[in-house]
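Participant: Below is a structure I'd like to ask you about.
The values are calculated or read from the model by the stated rules, or taken from the named source; none is laboratory data. Given the structure is predicted, the values throughout are model-derived calculations rather than measurements. Cβ: placed from backbone, ideal geometry, glycine included. Neighbour counts: every protein chain shown. For the accessible areas, the whole protein counts, side chains as well, though only heavy atoms, and no ligand, DNA or RNA atoms are used. Shrake-Rupley method; radii C 1.70, N 1.55, O 1.52, S 1.80 Å.
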Amino acid sequence: SSVNLADSTTQIGSYVFDGCEKLSAATLPMTLENIGMRPFKGCTNLSNVGFSGNPRFTVADDIIYETDGTPGGAKVAVVECLERRTRSVTKTELAGIRRLYREAFMGTGVLNVDLSSSYIESVPEFAFAYTPELSSVTLPSTVTDVRANAFKNSNIVELTVPGANTQFDDLAMGD
């Protein structure tokens with residue numbers, strides 16, 4: 001099944017399509033200005049997301065990005081890595097990223113995530129939570145804090161943190 005949102009839609013909320021397992025395609029309008037957390041959570045068959053030429057968002061290799069809003073603009077944030085993504089996320093894909101949305105990689109099958117070419121300053125809550133296949137994450141030197149539950153119930157084996165002053169919440173790795 002597919003969904004095509006009306007041109008008057010300016011925002012979609014967090015988890016709006018939660019559990020829509022039969023959803024295979026979504027077309028979001030040019031008028032879209034804001035996206036909540038993990039709008040496609042549980043959409044395990046979603047293979048096509050389009051933004052109708054909207055300069056604020058783009059999708060590449062199953063990752064939805066917020067951009068700087070200019071036509072063909074730079075990716076500035078990871079909104080959501082779709083759950084069907086099962087391979088590693090490279091530093092080339094994440095080059096220049098300045099922010100991760102809360103739960104950005106949560107529940108995915110990604111193996112490794114290399115943020116070394118990004119400029120994120122914080123790893124938000126649940127960013128990599130519930131990622132059973134996750135083996136390694138490389139953070140950039142710009143990271144100053146890792147929030148509670150960022151890695152909860154992940155099977156991470158290796159976490160590279162080049163910043164000497166990075167602060168970890170007591171519960172960054174979960175309970």
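Participant: Of the conditions (1) closer than 28 Å to ASN34 by Cα; (2) open to solvent by 40 Å² or more (accessible area, probe 1.4 Å), SER122 fails just one. Which one is it?
Facilitator: The failed condition is (2).
Participant: Output the qualifying pairs, or none if there are none: Cβ atoms under 8 angstrom, residues six or more apart or on different chains, first residue in region 31-51 and more than 15 Å from ILE12 (Cα to Cα) and small (Gly, Ala, Ser), second residue open to solvent by 70 Å² or more (accessible area, probe 1.4 Å) and not in a strand (DSSP E or B).
Facilitator: That search, which allows pairs on different chains as well, returns GLY42/ASP18; GLY42/GLU21; SER47/ARG84.
Participant: Kindly check whether there is at least one residue in region 60-79 that is among the acidic types (Asp, Glu) and farther than 27 Å from LEU115 by Cα.
Facilitator: Within region 60-79 (the criterion being among the acidic types (Asp, Glu) and farther than 27 Å from LEU115 by Cα), the answer is no, since none of the residues qualifies.
Participant: Go through (1) surrounded by 19 or more Cβ atoms within 10 Å (Cβ to Cβ); (2) basic (Lys, Arg); (3) touching a residue at least 40 places away in the same chain (Cβ under 8 Å) one by one and return the number of the condition ARG84 breaks.
Facilitator: Just one mismatch for ARG84, condition (1).
Participant: From the set of residues in region 56-77 that are open to solvent by less than 40 Å² (accessible area, probe 1.4 Å) and part of a loop (DSSP other than H, G, I, E, B), which is modelled with the lowest pLDDT?
Facilitator: GLY73
Participant: GLY174 - would you say it is among the small types (Gly, Ala, Ser) and closer than 27 Å to THR44 by Cα?
Facilitator: The answer is yes for GLY174.
Participant: Taking region 99-117, which residues are under 16 Å from ARG147 (Cβ atoms) and assigned to a loop (DSSP other than H, G, I, E, B)?
Facilitator: TYR101, ARG102, GLU103, ALA104, PHE105, MET106, LEU115
Participant: With the requirement that a residue be acidic (Asp, Glu), in a loop (DSSP other than H, G, I, E, B) and more than 13 Å from the chain's Cα centre (by Cα), what does region 118-148 give you?
Facilitator: GLU121, GLU133
Participant: Okay, next question. Is it the case that some residue within region 158-169 is surrounded by fewer than 19 Cβ atoms within 10 Å (Cβ to Cβ) and closer than 22 Å to MET37 by Cα?
Facilitator: yes
Participant: Here are some conditions: (1) open to solvent by less than 50 Å² (accessible area, probe 1.4 Å); (2) under 21 Å from PHE40 (Cβ atoms); (3) of a type outside the set (Gly, Ala, Ser). VAL137 meets all but one. Which one does it not meet?
Facilitator: (2)
Participant: Still on this model: Scan region 1-47 for residues that are of a type in the set (D, E, K, R) and under 25 Å from PRO71 (Cβ atoms) and report the count.
Facilitator: Selection size over region 1-47: 2.
Participant: Being open to solvent by 70 Å² or more (accessible area, probe 1.4 Å), free of Cβ contacts under 8 Å to residues at least 60 places away in the same chain and farther than 20 Å from ALA77 by Cα is the requirement here; does SER24 meet it?
Facilitator: For SER24, the condition - open to solvent by 70 Å² or more (accessible area, probe 1.4 Å), free of Cβ contacts under 8 Å to residues at least 60 places away in the same chain and farther than 20 Å from ALA77 by Cα - is not met.
Participant: Next question, about the same structure. Report yes if GLU103 is touching a residue at least 24 places away in the same chain (Cβ under 8 Å) and buried (at least 19 other Cβ atoms within 10 Å of the Cβ), otherwise no. Talk me through it step by step, then tell me what you get.
Facilitator: On the way: touching a residue at least 24 places away in the same chain (Cβ under 8 Å): yes; buried (at least 19 other Cβ atoms within 10 Å of the Cβ): yes.
So GLU103 passes the test.
Participant: Is it the case, given these coordinates, that GLY53 is surrounded by fewer than 19 Cβ atoms within 10 Å (Cβ to Cβ), under 18 Å from the mean Cα position of the chain (by Cα), among the small types (Gly, Ala, Ser) and in a loop (DSSP other than H, G, I, E, B)?
Facilitator: Against the criterion (surrounded by fewer than 19 Cβ atoms within 10 Å (Cβ to Cβ), under 18 Å from the mean Cα position of the chain (by Cα), among the small types (Gly, Ala, Ser) and in a loop (DSSP other than H, G, I, E, B)), GLY53 does not qualify.
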